[in-house]
Amino acid sequence: DTICIKSVSHLHNVVGLTNDNSINSAVCNFDKGHELLWKIMKRVRLTYFAPNYMTVIKSVDQKIREACNISSSNELRGINVSDNCKGVSIMPSDAFFPLNGRGAPKIL
């Protein structure tokens with residue numbers, strides 16, 4: 001459900017915010033063998049429930065929050081791209097989702 005309109009090959013160890021309240025699982029890029037990626041995959045293995053895809057989204061969100069010591073969604077709004085959490089950068093939602101669900105530009 002995501003279409004790349006420009007290259008993301010220059011990005012390493014990044015996740016994006018879906019909105020200002022949650023970390024995205026649709027667009028992630030980790031270097032092979034990254035410690036945090038392994039933690040996310042282990043969490044998904046333990047909690048995956050096929051009828052509910054939200055289990056994957058919640059696993060990514062939870063492990064990133066743990067790594068970055070983020071306890072509330074308010075803290076996500078203040079994150080800077082330059083902030084690194086275990087070597088992972090969290091990018092704002094408009095970095096990956098410049099359009100809303102109807103294809104119109106988001107009003108920022």
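Read-outs throughout are calculated quantities, based only on the coordinates presented, and are distinct from any laboratory measurement. Computed from a predicted model, the values in this text were never measured in an experiment. Neighbour counts are summed over all protein chains in view; Cβ atoms, including those assigned to glycine, are modelled from backbone coordinates with ideal geometry.
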In nm, give the distance between the simple-model label positions of ASN52 and SER73, each being 7 Å from the Cα along the Cα-to-Cβ direction.
-> 1.8
Cβ-defined net charge surrounding LYS86, 10 Å radius [Lys, Arg +1; Asp, Glu -1] | 0
Surrounding net charge for LYS63, when Lys and Arg each add one and Asp and Glu each subtract one, Cβ distance under 10 Å = +4
